[in-house]
Structures are given as C-alpha cells and as structure tokens.
1. Per residue, how big is the convex hull around the C-alpha atoms of the chain? Give it to me in cubic angstrom, could you?
2. Which FRET efficiency, nearest 0.05, do HIS139 and SER32 yield, Cβ-Cβ r, R0 35 Å?
3. For region 1-62, what does the equivalent ellipsoid look like in terms of its semi-axes, each the square root of 5 times an eigenvalue of the Cα gyration tensor, given largest first in whole Å?
4. Only sites in a loop by DSSP and with at most 14 other Cβ atoms within 10 Å count here; which trypsin sites (Lys or Arg not before Pro) in region 1-58 make the cut?
5. Could you identify which residue out of THR68, THR33, THR15 has the top mean-square fluctuation in a GNM of the chain using Cα springs shorter than 10 Å?
6. In a Gaussian network model over the chain where Cα atoms closer than 10 Å are linked, find which of GLN100, GLN74, GLN91 has the largest mean-square fluctuation.
7. As an exercise, identify the trypsin sites (Lys or Arg not before Pro) in region 85-146 lying in DSSP coil whose Cβ has no more than 11 other Cβ atoms within 10 Å.
8. For the chain, what is the mean residue ellipticity at 222 nm derived from helices alone (per DSSP H run of n ≥ 4: -39500 (n - 2.57); sum divided by total residues; nearest 500 deg cm²/dmol)?
Amino acid sequence: MDQRTAFMEMSALLTGIYAIVVDPVDRALSESTADEYWRRLAAAFPDRLPKLVDAYQRVAPGPLKPETGDTVLQRLRAEPEFAAHGFVARQVVNIWYFSQFSVVENDANAPLLDGGFYERGRIWPVIRAHPTGFSDQPHGYWSEQP
C-alpha cells in the first residue's frame, strides 16, 4: 500500500470520515488535501507519524471498509505504537476536522499550526455551517431566511 493510501485509510479510520476512501468523488477531491496534511504532519512528527502509519498497515486487512472499521480500530489501538503516538493520532483527527494541529503535547495553551485547508475542514458539514469568512453563496445571501 502506498503512503497516501495508508495515510488516507488511517485518517478515515481515526476520524470516521470513510467517504475519503470509499466514495470515488470524495476520494479524488481529498487526495491533494491528504498530500498536504501528510507533508505538514510529517514535518512536525518525522519519526512518529510514519510509525503510526506503519502500525495501521500491520493491522489493516486490505482496503478499509466502514463495516470493518471498528475491528481495525480495535487492532490499531492495541498496537504499542498507537499508545506511544496517540498524540499524533489526535493531530491527524484535528487536521482533517479543523485544518489545524498542535506540535506541543500536554499544553492546552500551545499554538495551533495551520493545515492549509481551513475551508475544507470536515467540521463544517457536521455543524451545518460554512467556514467563518468563507462562503460559496452570493453576496447578501444571509439577508434572506432559508
């Protein structure tokens, strides 16, 4: 399995956003995002992120499917690398949902680094909103009730 596929599958498993690996359109749109998220996270965690992805590849039975996700996640959580690099796993979730991540463990006041795709954050559909300061609606759309 190539690095992008492994990272995207592990990301889907950790976030619950399986569409990035099972939906052909979403996957195609998410590949460039995954490449950039990998680049930024690998720069911040050059030793830790690859070990986490390696642990995922050891427990992955083949292409990730939503129906096998819970089993694969249990296997991943049982891996020593997952326990050792749980902070990095949380940053994978953060970057996909918020396009932000932290590099400082155990410091709630640590600055967040930009993931580069704020408008693509997966949190926006969850909260049924558009990114603050970004909209694909025409000017003035907010003045009329839905």
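Nothing in this text is a laboratory measurement; each read-out follows from the coordinates by a stated rule. This one's a predicted model, so the numbers in the text were calculated from it and none came from an experiment. Please note: Cβ atoms are built from the backbone with ideal geometry, for glycine as well, and neighbour counts cover all protein chains shown.
1. Values: hull volume 19.6 nm³, N = 146.
Dividing the Cα hull volume of the chain by its residue count gives 134 Å³.
2. My answer for the efficiency is 0.80.
3. Values: eigenvalues 67, 43, 15 Å².
Over the Cα atoms of region 1-62, the semi-axes work out to 18, 15, 9 Å.
4. On the way: sites: ARG4, ARG27, ARG39, ARG40, ARG48, LYS51, ARG58; in loops: none.
Of the trypsin sites (Lys or Arg not before Pro), not one in the loops of region 1-58 has a Cβ with at most 14 other Cβ atoms within 10 Å.
5. Result: THR68 has the largest fluctuation of those listed.
6. GLN74
7. ARG128
8. Details: 8 runs with 83 residues, N = 146.
Value at 222 nm, helices only, nearest 500: -17000 deg cm²/dmol.
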